[in-house]
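The values are calculated or read from the model by the stated rules, or taken from the named source; none is laboratory data. As the structure is a computational prediction, the values presented were derived from the model and not from experiment. A quick note on method: Cβ atoms are made from the backbone with ideal geometry, for glycine too, and the neighbour counts reach across all protein chains shown. Heads up: the accessible areas ignore ligands, DNA and RNA and are worked out on the full protein's heavy atoms, side chains in. Shrake-Rupley method; radii C 1.70, N 1.55, O 1.52, S 1.80 Å.
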Amino acid sequence: MFYWFMKTFVLGPVLKLLFRPWVKGLDNVPAQGAAILASNHLSFSDSIFMPVMVPRPVVFLAKSEYFTGTGIKGRLTAAFFRLTNQLPMDRSGGAASAQSLNAGMDVLKSGSLLGIYPEGTRSPDARLYRGKVGVARLALQARVPVIPVAMIGTDKVQPIGKRVPNIRRIGMIFGEPLDFSRYYGLEDDRLVQRSVTDEIMYELMRLSGQEYVDEYAAVVKLRMAGKAQEAAPELTSDKAPAGPDAAQAAAPEIRPDIAPGVAASPDAPTAAGEDSPEVPGTA
């Protein structure tokens, strides 16, 4: 009830009036049934703008720190995230992260929409980074389609570290559903997981026009903070090569030397402007 009230009468009207979001491909979101909305992640506000424009409720996996704050501010933040259909996502890896993914699986089994950021954290520089295979595991285990969603210009509205947003127009493009039924039954195959994830990231790159970086955003953030040596080994390892069958069925491998970026989607109006690799966390 709180989610519906805020979206319909409070946040929704205000955000639409101030930011005048433009949307393409919204009819690609199914009117009923489970699906994953896999989005690039430019800003904290992505989790607010997208659900406002989608007619159905969207449940997001949000980083667990939002739910564990102390004091009045921390408790209010946790309450807000719970009341707005967001679930805590433990990004530390291992059993804790697997349990968080199970919560996402429950959402899909209930026939709902699950929002995920495959990069695992916000982009530090507006580029698109390598996806984590948790999104593939969920899609294959739940046997649901994946809708790629490109957020446009939200990094200009609320850059990392900025509390008060800039008032400017933003946009979003909902791509055609990606069907991975050819891989059903192979959800535990690491090569298949990587192939599915790369196909999702390829679509996000194509829709958003972002430059692609074949590296985890979390590693880049550690390097920027001077802590690259603290990165977990699995964060810095090269991705496993896809098998011949997977390579033929999935999108071309995304590498910075052959796909340094694409032009902005022709569908976009010209006026618009820490983690385990297995876990598609948020930030």
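Consider segment 131-146. How many of its residues are among the aliphatic types (A, V, I, L, M), open to solvent by less than 10 Å² (accessible area, probe 1.4 Å) and in a helix (DSSP H, G or I)?
5
Residue-wise test of (1) in a helix (DSSP H, G or I); (2) buried (at least 24 other Cβ atoms within 10 Å of the Cβ); (3) not hydroxyl-bearing (Ser, Thr, Tyr).
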residue	(1), (2), (3)
Gly185	no, no, yes
Asp188	no, no, yes
Gln193	yes, yes, yes
Val196	yes, yes, yes
Ile200	yes, yes, yes
Leu204	yes, yes, yes
Leu207	yes, yes, yes
Glu215	no, no, yes
Lys221	yes, no, yes
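With the structure loaded, tell me whether Asp179 is farther than 26 Å from Asn85 by Cα, open to solvent by 10 Å² or more (accessible area, probe 1.4 Å) and of a type outside the set (Phe, Trp, Tyr) or whether it fails that test. Walk me through it before giving the result.
Details: farther than 26 Å from Asn85 by Cα: no; open to solvent by 10 Å² or more (accessible area, probe 1.4 Å): yes; of a type outside the set (Phe, Trp, Tyr): yes.
In short, no.
Name the single residue that is nearest to Arg127 (Cα to Cα) among those in segment 1-14 being hydrophobic (A, V, I, L, M, F, W, C) and loosely packed, with under 13 Cβ neighbours inside 10 Å.
Val14
Here is a list: Gly185, Gly131. Which entry is under 18 Å from His41 (Cβ atoms) and not basic (Lys, Arg)?
Values: Gly185 fails: under 18 Å from His41 (Cβ atoms).
Sole residue among the options that is under 18 Å from His41 (Cβ atoms) and not basic (Lys, Arg): Gly131.
Name the residues in segment 15-32 that are surrounded by fewer than 12 Cβ atoms within 10 Å (Cβ to Cβ) and within 14 Å of Leu108 (Cα to Cα), would you?
The answer is Gln32, and nothing else.
How many residues, within segment 111-123, are open to solvent by 30 Å² or more (accessible area, probe 1.4 Å) and at pLDDT 95 or above? Spell out the reasoning first.
Here is the first cut: in segment 111-123, the ones open to solvent by 30 Å² or more (accessible area, probe 1.4 Å) are 112, 122.
In the following step, the residues that additionally are at pLDDT 95 or above were identified as 112.
Of the residues in that region, 1 qualify.
Does Arg169 satisfy being surrounded by fewer than 24 Cβ atoms within 10 Å (Cβ to Cβ) and assigned to a helix (DSSP H, G or I)?
Details: surrounded by fewer than 24 Cβ atoms within 10 Å (Cβ to Cβ): yes; assigned to a helix (DSSP H, G or I): no.
The answer is no for Arg169.
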